[in-house]
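Input: a single structure, listed below in structure tokens.
The values are calculated or read from the model by the stated rules, or taken from the named source; none is laboratory data. This structure is a prediction, so every number in the text was calculated from the model and none was measured. Neighbour counts are summed over all protein chains in view; Cβ atoms, including those assigned to glycine, are modelled from backbone coordinates with ideal geometry. These accessible areas exclude ligands, DNA and RNA; they are computed on the full protein's heavy atoms, side chains included. Shrake-Rupley method; radii C 1.70, N 1.55, O 1.52, S 1.80 Å.
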Amino acid sequence: MLSALEVFTTVVVGVMVGVEFSVAFFVNPILDGLPGDNGLRGRTHGARLLGAVMPFWYIGSLVLVAAWAVAGWHHHGAGLVVIAAALLILSVAMSVLLLVPINNRVKTWTADGLPADWKQQMNRWDRFHYVCVAVIIAAFALLVGALG
């Protein structure tokens, strides 16, 4: 049963990492390169869509990792799983404190009602997001290491 939890958790966290990596390094740069307000429209749609899904995915991933840490406490790699859980807690805190406030503003923007500093806000979100992605990649790497 523990092996199934380990694999399922690793897959769930890995797919989350893939989505966040893709947003950071492919989707947003592609959107930023579109003409006119098309990129901004894509980002506002993404803010609404992913803003609705990612909280459940982050918290669900954290719950799975916590369950793995408890169930596998006396097994090989437990320390790595605990550190991965701590990193996921950090990523949730970063999301709530840094990303969500900007995201909540972005999802309400229209081409007619942009704040004067909208590009700076997008750049700030991107910088915070890069750090958050690095944190969850590290958590994922620890989980993969704990499988061995």
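Taking 8 Å as the Cα distance limit and 6 or more residues as the minimum spacing, I'd like the relative contact order of segment 43-148 as a percentage. Write out the running numbers ahead of the final one.
Working: 76 pairs, mean separation 44.8, N = 106.
Contact order relative to length: 42 percent.
Probe of 1.4 angstrom, ligands and nucleic acids ignored: what's the accessible area per residue over the chain, in square angstrom?
54
GNM, the chain, Cα, under 10 Å: largest mean-square fluctuation among Ile83, Ile102, Ile30?
Comparing Ile83, Ile102, Ile30 in a Gaussian network model of the chain, the most mobile one is Ile30.
Subtracting the Cα-Cα distance from 0.36 nm times the residue separation, let me have the gained length for Arg105 to Val15 in nm, one decimal.
Numbers: separation 90, 0.36 × 90 = 32.40 nm, distance 2.64 nm.
Extending this stretch completely gives an extra 29.8 nm.
How far apart, in nm, are two points set 7 Å out from the Cα along the Cα-to-Cβ line at Asn123 and at Ala71?
4.6
What chymotrypsin sites (Phe, Trp or Tyr not before Pro) in segment 40-87 are in a loop by DSSP, with at most 16 other Cβ atoms within 10 Å of the Cβ?
Details: sites: Phe56, Trp57, Tyr58, Trp68, Trp73; in loops: Trp73.
Counting only loop positions with at most 16 other Cβ atoms within 10 Å, the chymotrypsin sites (Phe, Trp or Tyr not before Pro) in segment 40-87 are Trp73.
Given a cut-off of 22 Å, what percent of all Cα-Cα pairs of segment 1-139 lie beyond it? The partial results should precede the final answer.
Values: 3968 of 9591 pairs.
Percentage above 22 Å: 41.
What is the Cα centroid distance between segment 107-125 and segment 39-92, reported in whole angstrom?
27
By how many nm would the segment from Asp37 to Tyr130 lengthen if fully extended, with 0.36 nm per residue of separation less the alpha-carbon distance?
31.1 nm
Could you work out the Kirkwood radius for segment 71-148, taking every pair of different alpha carbons, averaging 1/r and inverting it, reported in Å?
Taking every pair of different Cα atoms in segment 71-148, averaging 1/r and inverting gives 14.3 Å.
What is the spin-label model distance, in nm, from Ala86 to Met1 if the labels are put 7 Å beyond Cα along the C-beta direction?
About 2.9 nm, to one decimal.
Please find, in a Gaussian network model of the chain (springs between Cα atoms separated by less than 10 Å), the residue of Gly46, Gly113, Gly72 whose mean-square fluctuation is greatest.
Checking each option, the largest mean-square fluctuation is seen for Gly113.
For the chain, set up a GNM with springs between Cα atoms under 10 Å and report which of His74, His45, His129 has the largest fluctuation.
Result: His74 has the largest fluctuation of those listed.
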